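All remarks here apply to the structure that follows.
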Amino acid sequence: MANSKSTRVAILGGIRTPFAKAGTVFAHLSALDLAIHAVNGLLERYQVDDAAIDEIIFGTVAANPAIPHLAREIVLQSDLDPSIRALSVGSNCVTGISAIETASARISTGHADLVIAGGTESMSNPPVALGPEATKALHSLVSESRNRARLKILEELDFNSLLTSAGGLREPSTGLSMGEHTELSIKDWHISRENQDLLAYTSHMNARKATEDGRLLAEIAPIDGIECDQQIRSDTSKEQLASLPPVFDRSSSGSITAGNASPLTDGSASILLASEAYAEQIGFPPVCFIKDIEFAAIDPAEGLLMAPALAVPRLLARNELRLSDIEILEMHEAFAGQVLANIKAWETAWKAAATGPVDHAILNPLGSSIAVGHPLAATGVRIITTLANEMKRRDARYGLASVCAAGGLASAVLLEKP
């Protein structure tokens, strides 16, 4: 999706909850609860008349079967007008970018003037699934009216089939987890443990500084007395990170640890998008404009999280830019090794034209997912909000965001100054 000047999509602002490790301070809140807070926080912060919102497009990855249309429930349970159209989306870790892209398309084609896009996740409360044998037995139990027959069904039910599991931890197509896949990519691309830990350390230090100086706090709506992201390790060191054991490949060749990977996270993020003409009409100065969005997909056998190697070069080429033209580069840190492998792919023309070298000084200047957290569907929206705000602070002309996702997916977003 590329926008001409006459149909440019403006980012007016974004608001999110603090991000917290799953099973901790937000464990009592559902993904819907977190989303409602993010949306209400957006309306309050920017003093938006809820009746002026044309649509809301929101997504989640660990979807609750009891809430099949998440976005509509956000409308009905938040401060939004019940007449607002809602669309629920889901595409793994690029869900937030998919919401932004869909909202942008609605605006650029003239179908809407003002849209909220967002994503939410409660990894503390993922849906659980029974095994197929237990599911079949329980369906039979419900439909059976005779007590003796019900007892027989229960007697024949294997206890092991009752064990539940949270979905989404392994790739359905390969049977491997994202961490196991990334270990393979790290070995293929010869990414050192030392460089992974250095990237993780830098993420924490940048996030600490951005919290202390208020840049990250500016995009947060506090909830339950929590005002900042809960996973930033302000006191970590390179030595501490180097001492952690690998968690996916436990052999001497394993290098992904709890310290150089993003944690399971609870949180939600929302962003307000408008047409350029509407922003001018209401006198609301844009933070940035969305210049272009690109998506890519790759066979997981070539690297589950390596699709940014396609998305970013395509986006830059279409806009006749090189990485040297980008002043801020935001990359989702699912794993430090995934970030470094994709950077190598960009620089060596793996599956697309070489982008030019990456200046690590412009990479994730406020930290990213390893330090801030990774609530799957919310991450893309958080990254775009962070990038847009930092571009405005620096008066940067171009900013680029890259997000990888399970399933061999990726997205890239190019922002430009007003």
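The values are calculated or read from the model by the stated rules, or taken from the named source; none is laboratory data. What you are looking at is a predicted structure, and each value in this text was computed from that prediction instead of being measured. We place every Cβ from the backbone using ideal geometry, glycine too, and count neighbours over all the protein chains shown. Only protein heavy atoms, including side chains, enter the accessible area calculation; ligands, DNA and RNA are left aside. Shrake-Rupley method; radii C 1.70, N 1.55, O 1.52, S 1.80 Å.
Assorted remarks:
- Residue ranking by accessible heavy-atom surface, 1.4 Å probe, largest first, among SER98, SER140 comes out as SER140, SER98.
- Using a probe of 1.4 angstrom and keeping all protein chains present, the accessible surface of segment 186-311 works out to 43 square angstrom per residue.
- Springs join every pair of Cα atoms under 10 Å in this Gaussian network model of the chain, and among THR109, THR355, THR17 the largest mean-square fluctuation is at THR109.
- Each peptide in 213-219, 308-314, 247-253 was scored by the mean count of other Cβ atoms within 10 Å over its residues; highest first, the order is 308-314, 213-219, 247-253.
- Mean shadow area of segment 105-257 over all directions, Cα convex hull, nm²: 17.6 nm²
- Dividing the mean sequence gap of close Cα pairs (under 8 Å, 6+ apart) by how many residues segment 72-152 holds gives a relative contact order of 15 percent.
- With Cα atoms as the point set, the radius of gyration and Dmax of segment 1-62 evaluate to 15.0, 46 Å.
- Candidates ASP235, ASP292, ASP158, ranked by Gaussian network fluctuation over the chain, Cα under 10 Å, top entry: ASP158
- Taking 0.36 nm per residue of separation and subtracting the current Cα-Cα distance, fully stretching the chain between ARG250 and GLU156 would add 30.0 nm.
- With 10 Å bins beginning at zero, the pair-distance distribution over Cα atoms of segment 84-124 amounts to 28, 52, 17, 3 %.
- Share of carbon and sulfur in the accessible area of the chain stands at 53%, probe radius 1.4 Å.
- Segment 20-147: Cα Rg divided by the 2.2 N^0.38 Å rule of thumb: 1.28
- Remark on the chain: Rg and Dmax equal 21.9, 75 Å (Cα only).
- For the chain, averaging the sequence separation of C-alpha pairs within contact (under 8 Å, six or more residues apart) and dividing by the residue count gives a relative contact order of 27 percent.
- Placing pseudo-labels 7 Å out from each Cα toward the beta carbon at ASP81 and ALA242 gives an inter-label distance of 6.0 nm.
- By average C-beta atoms within 10 angstrom, highest first, the peptides 48-60, 79-91, 332-344: 332-344, 48-60, 79-91
- Segment 265-418, Rg to Rh (Cα coordinates; Rh as Kirkwood inverse mean 1/r): 0.96
- Average Cα contact separation per residue, segment 315-418, under 8 Å, 6 or more apart, as relative contact order %: 33 percent
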